[in-house]
Every structure is written in C-alpha cells, then in structure tokens.
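*Asks:* Quick one: the structure is below, and I'll ask about it shortly.
The values are calculated or read from the model by the stated rules, or taken from the named source; none is laboratory data. Since this is a predicted model, take the numbers as computed values, not measurements. For neighbour counting, all protein chains shown are included, and Cβ atoms are generated from backbone atoms with ideal geometry for every residue, glycine included. Note: areas computed on protein heavy atoms with side chains; ligands, DNA, RNA excluded. Shrake-Rupley method; radii C 1.70, N 1.55, O 1.52, S 1.80 Å.
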Amino acid sequence: MKVDLNKVNKSYTKGKNDSLHVLEDIDFSIKEGEFVSLLGPSGCGKSTILKLIAGLSHPTSGDLKVNGTPVEGPGTDRVVVFQEGGLFPWMTVLENVTYGLKIKKMKRVEAEEKAMEGLRMVHLANFTNAYPHELSGGMKQRVAIARALVMDPDVLLMDEPFAALDEQTRLILHQELQDIWQKTGKTILFITHNIREALTLSDRVLLMSTRPGTIKQTFNVQASRPRNPSDSIIVDLEKRVMAELEEEMNKVLKEEFGDDYRYKTDSVRDRDNSDMGSHI
Ligand SMILES: Nc1ncnc2c1ncn2[C@@H]1O[C@H](COP(=O)(O)OP(=O)(O)O)[C@@H](O)[C@H]1O
Ligand SMILES: [Mg+2]
C-alpha cells in the first residue's frame, strides 16, 4: 500500500481544557497508482487528513504510513497542491517550477529540462517567462500541478485544487488531470466537496460524515476513461451519494437553523455542478 491509515484520530486543543475531536477512527488505504477522493461537507476534516499524510500535522492516535513507513514529518515523497496554487509572485513560471528541483540540488540545465517537461504536460510551455499575476486562475493551478509533478512524488495530495475556478475551466482541468494521471500513473489523493468532481476523477470516493469526521461510505467508480460527467454510471452514483449526504446535511442545518429546516436533495440535484456549497 502507498498510503495506509489505521484508526487515525485527531483532536485539536482549544483553550486550556477543551479539545475539538475532528477525526474519528479513520481507516483507509490507497494502492499504488490509484486515484482516491475524499468527499465531504466543509469542516468535516478533509484538509486535516491531507495535512496528516503530508506530515504537516500529527495524529492524536492511530497509525499512518506512506510506503510502509510511519509518517513523521514532511518529505519530498509527498507533494501538496492547494486551492490557491501558492506560487511565488516574484518568480516566473519556469522559476516557480524549478524551485523545488534546485532545493533538491538538481543542476540548472537538468532542472529546466524537467520543468519544461512538466509545463508541456499542462500545456504551458509557451508561458515560461510569465509571472503569476499575468496568468488566469486555471493557468496558475496548472503551474502548481507542474511544480508538484516535476518533484516526482510517490503520492500527490490535492486539496480542492479547482474549487476557486469557474465551471468551464474546472471541466477542462478535470480532463487534463485525468490525462496526466493516466500518463504518469501517480498515486493521487484528491479532496473536494463537489460530488460530480469526485466521481468524474476517481477510482474510489470516500464519503465523509460531519464532525467528528469518519469515512461513512466508499463508492467504487467503474466508468471507463476518459470520463464524462454525463456518463450514466456517474449520474446514477451521484444520486446514491446525494441520498447518503442528505442525512449529513440535515445534521449540519439542524445545528445552524434548528429543527424547522430540512434539506431537499432534489434541489441540489438540479443544480448543475452538484456542489455541496461552502458551508454544508
Ligand atoms: N490547526 C487547527 N487548530 C484548531 N482547529 C482546527 C485546525 N485546523 C482545522 N481545525 C478545525 O477542524 C475542523 C476540520 O477542519 P478541516 O480539516 O480544515 O475541514 P475541511 O477541510 O473538511 O473543511 C474544523 O472545525 C476546523 O475549524
Ligand atoms: Mg479543507
């Protein structure tokens, strides 16, 4: 197994005597070359799981292994792509992509060759000298993906990388990411609160419950690739995921609005991107 979580719990301390139980007994594994998504409402602990795997935070209890070795801190075997690509604004596209390679002490010529390979993969070979402020949101995320890929990580961790993009750009990037994944065979953990996005991209979708986050259900997506969100397998799965989520959403809404509010999944199904929204 590339990634292996066994009864992982995480609590954050809150003030002196209080703590927030964010993750409860999280158990899952990711096989080499697999594309797995974590799908769940905002605040359920998705980013916390990603930070634990990245070694940026530590479990309160439980086992967490990457390549069979317990995770003790960050490492270049795991690279994260965040929602806001986190590019250095004072560096060109090429400098941003070679940055990590230079830290790894790769020679400049070799680093630039590798960076160009990464940039060609995301169709930005003609933008090497551009600065981040000259790029669209989608282009910035492409640079962030290229920068992650050139590090040749064992596991690519993506935390809602397309959440801030418009729907059209997001759909294009879905196609590109599928393509990149097929070409590179990378192991990817992808986080999203968008149901259709999870189903379009993944081999397996792990649906999380609200806090304390647990893995509520697993969905295997057996549609052929390249995928299209209107594929009947995806559409059917979307309805099943929505039905599961109705319960979770009602829990959240009850906390926020009290007993008199019930969530209607039909209204969500009609929306065109099956987004779970920013706070539910
Ligand atoms: N460093 C932290 N300290 C305290 N609480 C945190 C910290 N990081 C996240 N949380 C809380 O943990 C919960 C889960 O957060 P997060 O993992 O970011 O959820 P998600 O990514 O699913 O939206 C939230 O209630 C959040 O406020
Ligand atoms: Mg998050």
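*Asks:* Run Asp236 past the list (1) touching a residue at least 12 places away in the same chain (Cβ under 8 Å); (2) surrounded by fewer than 18 Cβ atoms within 10 Å (Cβ to Cβ); (3) outside any strand (DSSP E or B) and report the number of the one that doesn't hold.
*Replies:* Asp236 satisfies all of (1) touching a residue at least 12 places away in the same chain (Cβ under 8 Å); (2) surrounded by fewer than 18 Cβ atoms within 10 Å (Cβ to Cβ); (3) outside any strand (DSSP E or B) except (1).
*Asks:* Something else: Please verify whether the stretch 74-87 includes one or more residues that are away from ligand 1 (no atom under 16 Å from the Cβ) and more than 27 Å from Phe162 (Cβ to Cβ).
*Replies:* Scanning the stretch 74-87, I find no residue that is away from ligand 1 (no atom under 16 Å from the Cβ) and more than 27 Å from Phe162 (Cβ to Cβ), so the answer is no.
*Asks:* Is at least one residue of the stretch 208-216 in a helix (DSSP H, G or I), modelled with pLDDT under 95 and of a type in the set (D, E, K, R)?
*Replies:* No, the stretch 208-216 has no match at all.
*Asks:* Something else now. Scan the stretch 198-209 for residues that are in contact (Cβ under 8 Å) with a residue 40 or more places away in the chain and open to solvent by less than 30 Å² (accessible area, probe 1.4 Å) and jot them down.
*Replies:* Across the stretch 198-209, the qualifying residues are Ala198, Leu199, Leu201, Ser202, Val205, Leu206, Leu207, Met208, Ser209.
*Asks:* Just one of Glu134, Glu112 is open to solvent by 80 Å² or more (accessible area, probe 1.4 Å) and among the acidic types (Asp, Glu); which is it?
*Replies:* Glu134
*Asks:* Whether any residue in the stretch 20-42 is within 13 Å of ligand 1 (Cβ to nearest atom), part of a helix (DSSP H, G or I), open to solvent by 30 Å² or more (accessible area, probe 1.4 Å) and not assigned by TED's automatic domain parsing to the domain that holds Val109 is what I want to check.
*Replies:* If we filter the stretch 20-42 for residues that are within 13 Å of ligand 1 (Cβ to nearest atom), which is where we start, we get 20-24, 26, 37-42.
If we keep only those that are part of a helix (DSSP H, G or I) too, we end up with none.
No, because not a single residue in the stretch 20-42 is within 13 Å of ligand 1 (Cβ to nearest atom), part of a helix (DSSP H, G or I), open to solvent by 30 Å² or more (accessible area, probe 1.4 Å) and not assigned by TED's automatic domain parsing to the domain that holds Val109.
Yes/no per residue for (1) of a type outside the set (D, E, K, R); (2) in contact with a strand residue (DSSP E or B) (Cβ under 8 Å, 6 or more places away or on another chain); (3) within 16 Å of ligand 2 (Cβ to nearest atom); (4) in a loop (DSSP other than H, G, I, E, B):
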{"site": "Leu50", "(1), (2), (3), (4)": "yes, yes, yes, no"}
{"site": "Glu72", "(1), (2), (3), (4)": "no, no, no, yes"}
{"site": "Phe88", "(1), (2), (3), (4)": "yes, no, no, yes"}
{"site": "Tyr99", "(1), (2), (3), (4)": "yes, no, no, no"}
{"site": "Lys105", "(1), (2), (3), (4)": "no, no, no, yes"}
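*Asks:* Is there a residue in the stretch 20-29 that is among the polar types (S, T, N, Q), within 15 Å of ligand 2 (Cβ to nearest atom) and closer than 23 Å to Leu207 by Cβ?
*Replies:* Initially, the stretch 20-29 is screened for residues among the polar types (S, T, N, Q), giving 29.
Among the residues that remain, those that are also within 15 Å of ligand 2 (Cβ to nearest atom) are: none.
Taking every residue of the stretch 20-29 in turn, none turns out to be among the polar types (S, T, N, Q), within 15 Å of ligand 2 (Cβ to nearest atom) and closer than 23 Å to Leu207 by Cβ.
*Asks:* Please determine, by comparing only the residues of the stretch 49-63 that are more than 10 Å from the chain's Cα centre (by Cα) and open to solvent by less than 10 Å² (accessible area, probe 1.4 Å), which one is nearest to ligand 1 (Cβ to nearest atom). Reasoning before the result, please.
*Replies:* Kept after step one, since they are more than 10 Å from the chain's Cα centre (by Cα), are these residues of the stretch 49-63: 49, 51-63.
Keeping just the survivors that are open to solvent by less than 10 Å² (accessible area, probe 1.4 Å) gives 49, 52-55.
Numbers: Ile49: 7, Leu52: 10, Ile53: 12, Ala54: 12, Gly55: 15 Å.
The residue in question is Ile49.
*Asks:* Kindly check whether there is at least one residue in the stretch 145-162 that is surrounded by fewer than 18 Cβ atoms within 10 Å (Cβ to Cβ), within 30 Å of Asn67 (Cα to Cα), out of contact with any helix residue (DSSP H, G or I) (no Cβ under 7 Å at 6 or more places or on another chain) and not polar (S, T, N, Q). Walk me through it before giving the result.
*Replies:* Of all residues in the stretch 145-162, those surrounded by fewer than 18 Cβ atoms within 10 Å (Cβ to Cβ) come to 152, 154.
Adding the requirement that they be within 30 Å of Asn67 (Cα to Cα) leaves 152, 154.
Restricting the remaining residues to those that are out of contact with any helix residue (DSSP H, G or I) (no Cβ under 7 Å at 6 or more places or on another chain) gives 152, 154.
Cutting the leftovers down to not polar (S, T, N, Q) gives us 152, 154.
Looking for residues that are surrounded by fewer than 18 Cβ atoms within 10 Å (Cβ to Cβ), within 30 Å of Asn67 (Cα to Cα), out of contact with any helix residue (DSSP H, G or I) (no Cβ under 7 Å at 6 or more places or on another chain) and not polar (S, T, N, Q), one finds at least one in the stretch 145-162, hence yes.
*Asks:* If a residue must be open to solvent by less than 50 Å² (accessible area, probe 1.4 Å), more than 18 Å from the chain's Cα centre (by Cα) and more than 10 Å from Pro59 (Cα to Cα), how many such residues does the stretch 1-19 contain?
*Replies:* Selection size over the stretch 1-19: 0.
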